[in-house]
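So the structure is just underneath, and the comments pick up after that.
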Amino acid sequence: MKLSLFSVRWGWLLVLGFLFLAVPGESVAPFDAFIVARDAETAFRNFMEFWAYDQHWRMWEMGNEASRIAWKQNEFTDRMRRSGINPAAGKQVEEIRVYPESEYQAEIFVRFSLENHLLRRIRPFTMTVPTVVQEGRWRFQLGDFLQLLDSSYWQ
């Protein structure tokens, strides 16, 4: 029996088709959204508590890798300290909702108030904070918080 070139091509296409079906695509691994949400929320509340008690070096330690490269620890802590801005007493976290995206990533919607001690003003803020697990800990983009020190927010 003689095989034609046409049938050989179709045979290979069929074999390749089955191989592609057998290789799993980018499937999302199952994760426990409750645990992710709980852990990310706890980390965020700790971050805000460190800010409230002027433990800026601990905030820096909770920064993601890119943040810690962008700002040296002393630069970050000096800027935070000089700003005179802290979470307002009793209003560190007024509302929080965590939206897990994976075992290692979540978006945190949060409402809180900050107090500018230099201007004697309290201002509410609402923001979405992306957070990721790096080196086994939930970490934040420090620039998201440094921008809250900008004078344009306080006029």
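A few points about this structure:
- Checking Glu75, Glu101 one by one, the residue that is free of Cβ contacts under 8 Å to residues at least 60 places away in the same chain and part of a strand (DSSP E or B) is Glu101 and no other.
- Thr128 meets the conditions (1) surrounded by 14 or more Cβ atoms within 10 Å (Cβ to Cβ); (2) touching an Asp or Glu at 6+ places or on another chain (Cβ under 7 Å) in every case but one. The failed one is (1).
- Positions within segment 138-155 being surrounded by 13 or more Cβ atoms within 10 Å (Cβ to Cβ) and either more than 19 Å from Met80 (Cα to Cα) or out of contact with any Phe, Trp or Tyr (no Cβ under 9 Å at 6 or more places or on another chain) (or both), in sequence order: Trp138, Arg139, Gln141, Asp144, Leu149, Trp154
- Taken as a whole, the condition of being assigned to a strand (DSSP E or B), in contact (Cβ under 8 Å) with a residue 24 or more places away in the chain and farther than 16 Å from Ala33 by Cβ applies to Glu115.
- Annotation: of all residues in segment 94-121 being surrounded by 14 or more Cβ atoms within 10 Å (Cβ to Cβ) and of a type in the set (A, V, I, L, M, F, W, C), the one that is nearest to the chain's Cα centre (by Cα) is Ala106.
- Checking Ala106 against (1) modelled with pLDDT of 95 or more; (2) not in a strand (DSSP E or B), the condition it does not meet: (2)
- For segment 41-56, a residue qualifies if it is without any contact (Cβ under 8 Å) to a residue 40 or more places away in the chain, more than 15 Å from Arg137 (Cβ to Cβ) and in a helix (DSSP H, G or I), and exactly one does: His56.
- The residues listed here are Val93, Val129; of these, the one that is touching a Lys or Arg at 6+ places or on another chain (Cβ under 7 Å), touching a residue at least 24 places away in the same chain (Cβ under 8 Å) and within 21 Å of Val36 (Cβ to Cβ) is Val93.
- Verdict on Asn86 being surrounded by 14 or more Cβ atoms within 10 Å (Cβ to Cβ), over 21 Å from the mean Cα position of the chain (by Cα) and among the polar types (S, T, N, Q): no
- Members of segment 60-72 found to be of a type outside the set (Gly, Ala, Ser) and assigned to a helix (DSSP H, G or I), listed by number: Trp60, Glu61, Glu65, Arg68, Ile69
- The residue of segment 29-72 that is surrounded by the fewest Cβ atoms within 10 Å (Cβ to Cβ), among those that are within 19 Å of the chain's Cα centre (by Cα) and of a type in the set (S, T, N, Q), is Thr42.
The values are calculated or read from the model by the stated rules, or taken from the named source; none is laboratory data. In this text the structure is predicted, and so the values were computed from the model without any measurement. Using ideal geometry, Cβ is built from the backbone for each residue, glycine included, and neighbour counts are taken over all protein chains shown.
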